[in-house]
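A short worksheet on the structure shown next.
The values are calculated or read from the model by the stated rules, or taken from the named source; none is laboratory data. Computed from a prediction, not measured in an experiment: that's the story for all the values here. We place every Cβ from the backbone using ideal geometry, glycine too, and count neighbours over all the protein chains shown.
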């Protein structure tokens with residue numbers, strides 16, 4: 001048993017459970033050794049996690065280093081972007097456990113973009129290369145780069161989920177196909193034309209929605225559940241925390257919920273249905289399908305701005321698997337835009353339409369939670385209610401342009 005063997009086993013053993021449990025005892029059992037045997041290589045669990053972090057950056061940098069240099073030397077911006085997308089997506093498509101580690105552990109350790117870039121730059125891979133390559137043709141502002149990486153993250157996560165990558169390594173042809181799909185999304189979005197999506201009267205549409213959110217205040221009990229999840233995350237939020245917020249005994253909560261899982265499931269289902277109702281109300285305020293898409297996006301943003309604790313609670317489950325059972329309306333939240341005639345989806349399957357809705361919602365939550373997540377990395381913490389005020393309508397307009405036009409909506413004038 002070597003250090004490398006232990007590290008590789010930890011990626012798989014802990015990754016299979018989405019890092020909800022990182023037990024050295026479980027790892028030792030998987031390896032067929034005693035727990036003290038692990039301590040001969042690592043002083044404690046944190047030392048092992050640190051070694052995993054170094055291993056991840058070593059492998060990732062080694063994979064992308066030459067491709068990034070090639071992209072930088074390529075005169076054609078679009079070809080350079082494809083080289084970078086192919087390199088990053090190719091690495092994570094073939095390494096599901098590396099993807100999980102990057103999403104969960106690096107994120108949880110609050111490594112921001114600059115720190116991640118420093119780790120990679122020290123290994124000869126400069127993430128600023130993507131900015132330089134995009135800037136040859138497009139306006140590569142930081143918000144746009146984050147939308148690109150969020151789309152990569154979503155597509156890779158969805159790819160591994162649908163291909164059950166824990167059990168079967170994805171075939172080469174499937175990897176090739178997903179890289180092509182991701183590049184198409186980044187380059188063209190949903191494929192709208194600038195003549196339609198690029199000329200929306202955003203202010204008029206926003207004014208149609210502003211002030212229409214009535215009777216949105218939830219039951220105090222569900223509000224307390226959402227606040228507990230926002231504060232501690234769904235894995236640590238307990239019925240005791242909710243009872244304390246309500247000034248009740250834990251036993252009294254069993255008159256409302258069967259158990260903790262039922263409490264969380266009912267919270268998310270209830271909020272999903274409220275979001276859907278408000279979004280569809282906004283969508284129906286216009287007969288123009290191009291406008292409907294933005295009205296739906298903006299309506300969800302307005303609702304989540306009014307319920308910051310729900311937004312942060314939803315942010316917790318963007319990248320992790322949360323087992324809440326399979327209620328009848330399990331996928332209802334991903335049918336948000338089924339009434340909108342989205343370009344290119346007229347012949348799509350229900351699963352494909354749901355995937356697009358899921359992608360839009362994923363990007364929207366990323367945009368809305370970005371100020372809050374940035375504040376977590378600063379020394380002076382900002383309450384999530386205040387951080388939402390930093391999300392301007394221009395951020396939502398940029399999101400819409402990226403969804404409908406991809407990089408094509410940001411070409412240098």
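Which residues, taken from segment 261-278, are over 20 Å from the mean Cα position of the chain (by Cα) and within 25 Å of residue 397 (Cβ to Cβ)?
Across segment 261-278, the qualifying residues are 274, 277, 278.
Please specify each residue of segment 166-205 satisfying the condition of being over 19 Å from residue 345 (Cβ atoms), buried (at least 20 other Cβ atoms within 10 Å of the Cβ) and under 20 Å from the mean Cα position of the chain (by Cα).
Of everything in segment 166-205, just one residue is over 19 Å from residue 345 (Cβ atoms), buried (at least 20 other Cβ atoms within 10 Å of the Cβ) and under 20 Å from the mean Cα position of the chain (by Cα), namely 179.
(1) modelled with pLDDT under 90; (2) touching a helix residue (DSSP H, G or I) at 6+ places or on another chain (Cβ under 8 Å); (3) under 23 Å from residue 227 (Cα atoms); (4) not in a loop (DSSP other than H, G, I, E, B): which one isn't true of residue 320, the others all being true?
The single condition residue 320 does not satisfy is (4).
Going by the conditions given, is residue 312 surrounded by fewer than 21 Cβ atoms within 10 Å (Cβ to Cβ) and modelled with pLDDT under 85?
On the way: surrounded by fewer than 21 Cβ atoms within 10 Å (Cβ to Cβ): no; modelled with pLDDT under 85: yes.
No: the conditions fail for residue 312.
Looking at segment 18-64, which of its residues are within 14 Å of residue 102 (Cα to Cα), part of a helix (DSSP H, G or I) and either touching a residue at least 40 places away in the same chain (Cβ under 8 Å) or not assigned by TED's automatic domain parsing to the domain that holds residue 123 (or both)?
The first filter runs over segment 18-64 and keeps only residues within 14 Å of residue 102 (Cα to Cα), leaving 18-19, 49-61.
Restricting the remaining residues to those that are part of a helix (DSSP H, G or I) gives 49-61.
Result: 49, 51, 52, 53, 55, 56, 57, 58, 60, 61.
Taking the options 300, 269, 276, name whichever one is in contact with a helix residue (DSSP H, G or I) (Cβ under 6 Å, 6 or more places away or on another chain), assigned by TED's automatic domain parsing to the domain that holds residue 344 and in a helix (DSSP H, G or I).
Answer to the check: 300.
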